[in-house]
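One structure is given below, encoded as structure tokens.
What follows draws every value from the coordinates through simple rules; no lab data is involved. Remember, it's a predicted structure, so these values are computed and weren't measured experimentally. As a convention, Cβ positions derive from the backbone with ideal geometry for all residues, glycine included, and neighbour counts pool all protein chains shown.
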Amino acid sequence: MRGLFITGTDTGVGKTVLSAALVAALTAEGESVRAYKPVVTGLEEPPGAWPRDHELLGEMAGMTPEEVAPLRYGPAVSPHLAAAMAGERIDPARLIDAARALAKHGTLIVEGVGGLLVPFTQDFAVRELAVDLGLPLLIAARPGLGTINHTLLALQAARAAGLQVRAVVLTPWPREPSALERSNRDTIARLGEVEVVGLAPLPSADRTDLALGGAGLPWKRWLTSKRCVSCQT
């Protein structure tokens, strides 16, 4: 299976923007790409300026939103609670099988839900899905205050499960980062022994803007090689 698994230090840290930028950049290079976000919640919430996660990923990958996200719930709560409120229970095997089916048709970009320890069921979290799929990991994180602790904890959680972390992506990475933001980037790289890169702010959800943002990331190396401890941008 060829692809990348995008997780985050928390919700709202830029996982979908990063995932969509990667999908757009890969398709711009002529790659066949499939996007997958196993569960979407919060559909009852008013839409924002950008499309909803599965809609944006579907548009970039040439897929329907339903193909991207097989499970969709209204309340803005964690997946296991959203399923319980709907009188359902998430079947981990279904999530794994759906991802593997998509991977047969191209490079697979998987966007997790929240962080690695967000549960789908009592004993199956986002981390377990990443392990079962065997894809290398990208961790989306904020560049500002508090990100060192959150990011190092995410790295520990990933590595404890044997996951290969390709890089931490700080997003949105300012065009003129502050001393704090530069220090956060360097500290995470040094203490976490991980590549840290920045994804610049993207002006819109337009395919061209997303592809340009993704093109600035070393995704070709991430798809084919192991981690780069000394690489920082």
- line: CD proxy, 222 nm, the chain: helix-only mean residue ellipticity via -39,500 (n - 2.57) per DSSP H run with n ≥ 4, per residue, nearest 500, stands at -12000 deg cm²/dmol
- prompt: Under a point-charge model restricted to the Cβ atoms of Lys and Arg (+1) and Asp and Glu (-1), what is the dipole moment magnitude of the chain relative to its Cα centre, in debye to the nearest 20?
  reply: 740 debye
field: Within region 116-159, backbone nitrogen closer than 20 Å to the virtual label 7 Å beyond the Cα of residue 176 toward Cβ
entry: 143-145
- prompt: Got a sec? Charge dipole of region 3-224, +1 on Cβ for Lys and Arg, -1 for Asp and Glu; which of 180, 124, 208 is way out at the positive end?
  reply: 180
- prompt: What is the spin-label model distance, in nm, from residue 225 to residue 31 if the labels are put 7 Å beyond Cα along the C-beta direction?
  reply: 1.5 nm
- prompt: Between residue 91 and residue 148, how many nm apart are label points set 7 Å from Cα along the C-beta direction?
  reply: 4.7 nm
field: Candidates 109, 96, 139: whichever shows maximal mean-square fluctuation once the chain is modelled as a Gaussian network with Cα springs under 10 Å
entry: 96
field: Near-label residues of region 84-109 by backbone N, under 15 Å of a point 7 Å along Cα→Cβ of residue 43
entry: 84-88
query: By average Cβ neighbour count within 10 Å, what is the ranking of 122-129, 155-162 from highest down?
result: 122-129, 155-162
- line: Here the relative contact order (percent) of the chain, from C-alpha pairs under 8 Å and at least 6 apart, is 27 percent
